[in-house]
Amino acid sequence: MDASLASLRRAVFRFAERGAALSALYHRARLVGSEHLPHDGPVLLVGNHGVWGYETPAFFHLLHRATGRYPLGLAERGFFRIPLVRTVLPWLGGVEGTRENALAALESGELVVCYPGGAWETFKRRHGRYRLRWERALGFVKVAAQAGIPVVPFAGFGVDDTFFWPPGEERLCLRLTADERYRMPLVMGLGPLPLPVQLTFAVGAPLEPPPPDASEHRLCHFRDCVAASVRRLLVRACHA
């Protein structure tokens with residue numbers, strides 16, 4: 001890598017680290033259940049995504065503080081069609097969310113974070129608050145089964161309350177790509193800032209995946225078990 005580009009990459013990463021710490025401080029972010037997070041070896045964390053994915057830096061900051069590890073996020077593939085985003089995301093620990101990338105990261109012993117709802121949860125509307133959109137999500141199950149890695153469920157509460165959904169929200173959106181799913185609201189919360197709601201992240205006990213040769217019915221059943229665990233953790237995070 002060119003020296004100037006490497007320097008720029010380090011500077012962007014340091015700036016993002018400071019921003020993540022400030023976001024965690026602003027939202028009084030808490031992590032519950034950190035005892036379920038190993039300090040080494042491969043980990044596959046699976047949970048719900050907040051509006052815009054805004055909560056991710058604060059969550060990753062808490063994970064790093066709890067384990068000393070920098071998480072690697074499996075990012076929605078559509079983001080890699082956005083020129084600047086596809087350049088910067090890998091600098092910040094984001095990789096395109098393919099099965100191959102996930103398996104390679106786990107084989108390298110990474111702490112991997114997966115949001116099965118992807119863009120459907122990130123660019124949700126008002127009626128989608130805290131609703132898991134995992135109807136067609138089997139990728140993380142197949143990855144866990146093939147790698148033989150337990151799934152560690154987590155849930156974020158407060159993550160869908162950081163921004164307003166104003167009247168006429170459909171007209172107040174910026175389309176990021178030609179895909180209708182990638183529409184970002186232009187209205188924030190408290191003036192130029194998100195609303196200062198508290199963010200609470202709850203981590204649950206690991207769930208053993210099905211075997212690599214499991215039937216699709218069994219894979220779907222495991223996905224639904226993880227989703228049920230995330231919903232229970234949402235209740236826990238709400239009352240923590």
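Read-outs throughout are calculated quantities, based only on the coordinates presented, and are distinct from any laboratory measurement. No experiment lies behind these values; they were computed from the predicted model shown. Glycine gets a Cβ as well: all are built from the backbone with ideal geometry, and neighbour counts include every protein chain shown.
Put the Cα centre of segment 1-44 next to the Cα centre of segment 92-161 and the gap is 17 Å.
Dipole check for segment 3-239: with +1 at the C-beta of Lys and Arg, -1 at the C-beta of Asp and Glu, and the Cα centre as origin, the magnitude is about 600 Debye.
Please compute the net charge surrounding PRO209, taking Lys and Arg as +1 and Asp and Glu as -1 over other residues with Cβ under 15 Å from its Cβ.
Net of charged neighbours comes to 0.
Coordinate range of the alpha-carbon atoms in the chain per principal axis, descending: 50, 47, 37 Å. Database remark: amide H of LEU111 closer than 5 angstrom to the amide H of VAL43, LEU72 (H placed geometrically; neighbours at sequence offset of 5 or more, or on other chains; Pro and chain starts carry no H).
Tell me the mean residue ellipticity at 222 nm calculated for the chain from its helices only (DSSP H runs of n ≥ 4, each -39500 (n - 2.57), averaged over every residue, nearest 500).
On the way: 7 runs with 89 residues, N = 240.
It comes out at -11500 deg cm²/dmol, rounded to the nearest 500.
Annotation for VAL85 and ALA205: the two label points, set 7 Å from Cα along the Cα-Cβ direction, are 3.8 nm apart. Here the average projected area of the convex hull drawn through the C-alpha atoms of segment 1-101 stands at 7.6 nm².
Taking the Cα-to-Cβ direction at TYR26 and at VAL235 and moving 7 Å from each Cα, how far apart do the two end points lie in nm? So the label points at TYR26 and VAL235 sit 3.3 nm apart. Structural descriptor for segment 3-239: relative contact order 26 percent, calculated from alpha carbon pairs under 8 angstrom and at least 6 residues apart. Each of VAL141, TYR26, HIS49 was scored by the projection of its Cα onto the charge dipole of the chain, and the greatest displacement toward the positive side belongs to TYR26; charges sit on the C-beta of Lys, Arg, Asp and Glu. Here ALA214 and ALA104 are evaluated by their C-beta separation; at R0 = 22 Å the FRET efficiency comes out at 0.50. Our note on the geometry: Cα centres of segment 47-72 and segment 190-240, 14 Å apart.
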